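Only the coordinates and a few stated rules stand behind these numbers; no lab work does. What you see is a predicted model; the values in this text were computed from it and never measured. All Cβ positions, even for glycine, are placed from backbone atoms using ideal geometry, and neighbour counts span all protein chains on display.
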Amino acid sequence: MSLRTAALVPLLSVFFFACAQTFQTTDDAAIRGVLATQQAAWNRADLAGFMAGYLHDESLVFTSGGHVRHGWQETFDKYRAKYGGAPATMGHLEFAVLSVQPLGADGAIVLGRWRLTDTPNAAGGVFSLGFSRTPDGWKIVHDHTSIDSP
């Protein structure tokens, strides 16, 4: 093997490995698993467990009720202020995932519906979630949630 060919082998290996990184069925299942874990945490009044599905970073964007919030802590604080941390105030949450649309190998947009019952804040609506693959698994990096019209 020539020196020139030997130098190309590592570069080609990296190229082919990068090309092999695609969004898989297991990624779809992992994203749906994040939402199932969030739903279960909410339904046991575990707000911190629910928030574990979000990227714990200032780059998180959460939009609802006409307000844009930035960062994990601001999002957590808003949830805590509105829903507290008890079953009577958090109620029962259900998600229905309508679609998971891959955005390359490391991103996805999830479209779904949510329904919250058994709480004074009962409501339902639609959500669009931007997911990103992180070293800690798939995390929500952008959440846009709306409430159904009465």
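Long hydrophobic helices in the chain: the complete DSSP H runs spanning 20 Å or more by Cα along their own axis with mean Kyte-Doolittle hydropathy of at least -0.5 are 3-20, 25-43.
Remark: Thr75, Thr25 ranked as Thr25, Thr75, counting other beta-carbon atoms within 10 Å and listing the fewest first.
Peptide packing: for 97-104, 112-119, the average count of neighbouring Cβ atoms within 10 Å per residue gives the ranking 112-119, 97-104, highest mean first.
This model, with +1 at the C-beta of Lys and Arg and -1 at the C-beta of Asp and Glu, gives the chain a dipole about its Cα centre of some 100 debye.
Projecting the Cα positions of Gly107, Met90, Gly49 onto the charge dipole of segment 23-147 (unit charges on Cβ atoms of Lys, Arg, Asp and Glu, taken about the Cα centre) puts Met90 furthest along the positive direction. Taking the Cα centre of each part, how many Å lie between segment 87-103 and segment 115-150? What the calculation gives is 6 Å, centre to centre. Here P(r) over Cα pairs in 5 Å bins from 0, in percent was computed from the coordinates, and among [x] 2, 11, 20, 25, 22, 14, 5, 1, 0; [y] 2, 9, 16, 20, 18, 11, 6, 5, 4, 3, 2, 2, 1, 1, 0; [z] 1, 7, 11, 10, 8, 7, 6, 5, 6, 6, 7, 9, 8, 5, 2, 1, 0 the match is [y].
GNM remark for the chain: springs join alpha carbons under 10 Å apart, and the peak mean-square fluctuation among Gln39, Gln73, Gln24 falls on Gln24.
The ranking of Thr22, Thr37 from fewest to most other beta carbons within 10 Å of each one's beta carbon is Thr22, Thr37. Here the contact order of the chain, divided by its residue count and restricted to Cα pairs under 8 Å and six or more residues apart, works out to 20 percent.
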